[in-house]
Amino acid sequence: MIEELIRREGFGDDDVPDLLSVNYKLIDLVSHEWSMHSPQMRHAVEAHDAELPKLVQLLDLEVGAGRWVIVLTADHGATPHPRVTGGWPIDTSDVGARIRARFDDGDGHPLVQQVQPTQVFLDRGELPPGGLGAVAGLVSRLTKADTPVGGARPAPGQAGQRVFAAVFPSGALARCVPRTGGG
């Protein structure tokens, strides 16, 4: 498909720079499903590594050797499986449900906008009394027993262990970073 697009759209046919953005999604999907240490990830990276020289050859042929630039980037890295790190997999949908159950006033305007593994997005206009601190307090007290993924069970004696080392409003970060510069 990429070959067809480059040829059909005439990449390199004139002096106007062309931009091609390609998302190789397989590695991302594999990292979410099986983690970075899985055989599936090894195979996905090998497959992409095998395809990159083909793209280089195609660009040399269609655009011209030395007439193009390639930039490789990613939206995030992969993480190791909790079995490798000893971490605890957290059910983010359960975190959102607990915040909603405790603080959402049911007025049709949801407090919780989205929950990601590293952050919770809230509608500030829907904050409860106590504001962000109240929500952070609830989340900071969540335990392994509160947040299991897919029926996981904490090891004996670990059910009450808290799952977050720190929970704070993002605005607190600005107070921790020294300001530099003249403005």
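Looking at the structure I just gave you, is Leu61 assigned by TED's automatic domain parsing to the domain that holds Ile6, surrounded by 11 or more Cβ atoms within 10 Å (Cβ to Cβ), without any contact (Cβ under 8 Å) to a residue 12 or more places away in the chain and closer than 17 Å to Tyr24 by Cα?
Judged against the criteria, Leu61 is not a match.
Can you confirm whether segment 133-146 contains a residue that is in contact with a Pro (Cβ under 6 Å, 6 or more places away or on another chain), surrounded by 17 or more Cβ atoms within 10 Å (Cβ to Cβ) and not in a helix (DSSP H, G or I)?
The answer is yes, given that some residue of segment 133-146 is in contact with a Pro (Cβ under 6 Å, 6 or more places away or on another chain), surrounded by 17 or more Cβ atoms within 10 Å (Cβ to Cβ) and not in a helix (DSSP H, G or I).
Evaluate the following for Val63: is it in a helix (DSSP H, G or I) and within 30 Å of Val163 (Cα to Cα)?
Against the criterion (in a helix (DSSP H, G or I) and within 30 Å of Val163 (Cα to Cα)), Val63 does not qualify.
Filter segment 1-33 down to residues that are assigned to a loop (DSSP other than H, G, I, E, B), of a type outside the set (D, E, K, R) and either free of Cβ contacts under 8 Å to residues at least 40 places away in the same chain or touching a Pro at 6+ places or on another chain (Cβ under 7 Å) (or both), then give me how many there are.
Within segment 1-33, residues that are assigned to a loop (DSSP other than H, G, I, E, B), of a type outside the set (D, E, K, R) and either free of Cβ contacts under 8 Å to residues at least 40 places away in the same chain or touching a Pro at 6+ places or on another chain (Cβ under 7 Å) (or both) number 10.
For segment 79-103, give me each residue that is hydroxyl-bearing (Ser, Thr, Tyr) and part of a loop (DSSP other than H, G, I, E, B).
Thr79
Is it the case that some residue within segment 90-113 is under 30 Å from Pro39 (Cα atoms), without any contact (Cβ under 8 Å) to a residue 24 or more places away in the chain and in contact with a Gly (Cβ under 8 Å, 6 or more places away or on another chain)?
No, that holds for no residue.
From the list Phe103, Phe164, which residue is among the aromatic types (Phe, Trp, Tyr) and either on the phi > 0 side of the Ramachandran plot or within 22 Å of the chain's Cα centre (by Cα) (or both)?
When all the criteria are applied, what remains is Phe164.
Inside segment 109-133, can you point out the residues that are over 10 Å from Thr92 (Cβ atoms) and of a type in the set (A, V, I, L, M)?
If the condition is that a residue be over 10 Å from Thr92 (Cβ atoms) and of a type in the set (A, V, I, L, M), then Leu111, Val112, Leu122, Leu127, Leu132 are the ones that fit.
Which of the residues belonging to segment 40-87 are farther than 18 Å from Val149 by Cα, under 21 Å from the mean Cα position of the chain (by Cα) and not polar (S, T, N, Q)?
Hits for segment 40-87 are Met41, Arg42, Ala44, Val45, His48, Val71, Leu72, Ala74, Asp75, His76, Gly77, Ala78.
Look at Gln114 and say whether it is in contact with a strand residue (DSSP E or B) (Cβ under 8 Å, 6 or more places away or on another chain) and either in a loop (DSSP other than H, G, I, E, B) or outside the structural domain of Leu52 (by TED's automatic domain parsing) (or both).
Taking the combined requirement at face value, the residue satisfies it.
Got at least one residue in segment 95-104 being acidic (Asp, Glu), surrounded by 14 or more Cβ atoms within 10 Å (Cβ to Cβ) and in the same structural domain as Val163 (by TED's automatic domain parsing)?
Checking segment 95-104: at least one residue is acidic (Asp, Glu), surrounded by 14 or more Cβ atoms within 10 Å (Cβ to Cβ) and in the same structural domain as Val163 (by TED's automatic domain parsing).
Taking Leu55 as the residue in question, decide whether it is of a type in the set (A, V, I, L, M) and either in contact (Cβ under 8 Å) with a residue 40 or more places away in the chain or not in a loop (DSSP other than H, G, I, E, B) (or both).
Taking the combined requirement at face value, the residue satisfies it.
The values are calculated or read from the model by the stated rules, or taken from the named source; none is laboratory data. This is a predicted model, so every value here is computed, not measured. So basically every Cβ, Gly included, is an ideal-geometry build from the backbone, and we count neighbours across all protein chains shown.
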